[in-house]
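Below: one structure, written as structure tokens.
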């Protein structure tokens with residue numbers, strides 16, 4: 001029997017989407033899965049395409065993006081190892097995808113198409129409930145994103161991104177792993193605005209900037225700009 005990736009169920013932690021659904025169902029889902037590997041930067045689905053699949057990330061990361069008619073991109077989410085995601089076409093037949101999916105690094109996934117997986121969802125209450133919980137979590141995440149875009153100025157969003165990206169690193173230079181365009185895509189702004197605010201942070205003494213490196217000098221100041229408590 002075709003077995004695309006036994007590791008998913010046999011050798012690593014069972015993902016939340018498949019928790020508690022029973023060994024027989026797990027084995028059946030394993031045999032129905034399609035394994036795909038995408039290279040870094042490869043587009044998995046274009047915004048506007050019909051894409052009736054649910055997938056589980058085995059390794060790597062996938063970025064969920066919105067694109068504008070002007071060509072600007074906004075990175076709405078990142079799907080990581082053991083996380084589950086699906087196209088809207090999985091639930092609404094022929095509905096166009098509202099997002100673009102792109103592999104951030106080399107990424108391997110297990111795919112199930114709508115026709116194959118829908119009978120399992122309809123007959124297994126635990127699986128359906130798990131997917132509902134994941135959907136609610138995504139809705140809450142989307143709500144937080146909309147709230148930030150609606151009520152947080154660009155400077156606050158950029159400060160929050162820097163705190164998230166650089167973690168607890170302070171008073172030492174670290175590589176600037178994101179370009180200005182990358183940062184703009186993550187906070188829903190432009191590279192010009194990002195550049196302007198980075199230099200404002202530098203003028204305020206919060207950071208020091210080099211061509212390829214950055215150092216956080218005053219984390220408390222960045223937290224204040226981001227509207228976060230210490």
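Nothing in this text is a laboratory measurement; each read-out follows from the coordinates by a stated rule. Because the structure is predicted, anything quoted here is derived from the model rather than measured.
Of the labelled options (1) 165; (2) 145; (3) 126, which one gives volume of the Cα convex hull per residue in Å³ as computed for this structure? Correct label is (2). Can you classify the stretch 37-96 as rounded, prolate or oblate using the Cα gyration tensor, where a ≥ b ≥ c are the square roots of its eigenvalues, rounded means a/c under 1.5, and otherwise it's prolate if a/b beats b/c and oblate if not? It comes out oblate by the Cα gyration axes. So how far, in whole Å, is the C-alpha centre of the stretch 156-208 from the one of the stretch 40-114? Answer, in whole Å: 26.
What is the helix-to-structure angle for 114-123, meaning the angle in degrees between its Cα long axis and the longest Cα principal axis of the chain, kept from 0 to 90 and rounded to the nearest 10? Approximately 80 degrees, to the nearest ten. Look at the alpha carbon pairs under 8 Å that are at least 6 residues apart: their mean separation over the length of the stretch 152-226 gives a relative contact order of 43 percent. Angle between the Cα long axis of helix 23-32 and the longest principal axis of the chain, 0 to 90 degrees, nearest 10? It is inclined by approximately 80 degrees.
Helix 154-166 versus the longest principal axis of the chain: what angle, 0 to 90°, nearest 10, using Cα atoms? Tilt of helix 154-166: around 70 degrees. For the chain, the relative contact order is 19 percent, taking Cα pairs closer than 8 Å that sit 6 or more residues apart in sequence and dividing their mean separation by the residue count. Please label the shape of the stretch 38-137 as rounded, prolate or oblate, based on the square roots a ≥ b ≥ c of the eigenvalues of the alpha-carbon gyration tensor (a/c under 1.5 means rounded; beyond that, a/b larger than b/c means prolate, else oblate). Prolate, since a/c reaches 1.5 and a/b exceeds b/c.
Over the stretch 79-205, Cα pairs under 8 Å with separation of 6+ residues give a relative contact order of 15 percent. Is the shape of the stretch 171-226 best called rounded, prolate or oblate, per the rule: a/c under 1.5 gives rounded, else a/b larger than b/c gives prolate, else oblate, with a ≥ b ≥ c the square roots of the Cα gyration tensor eigenvalues? Cα axes put the stretch 171-226 in the oblate bin.
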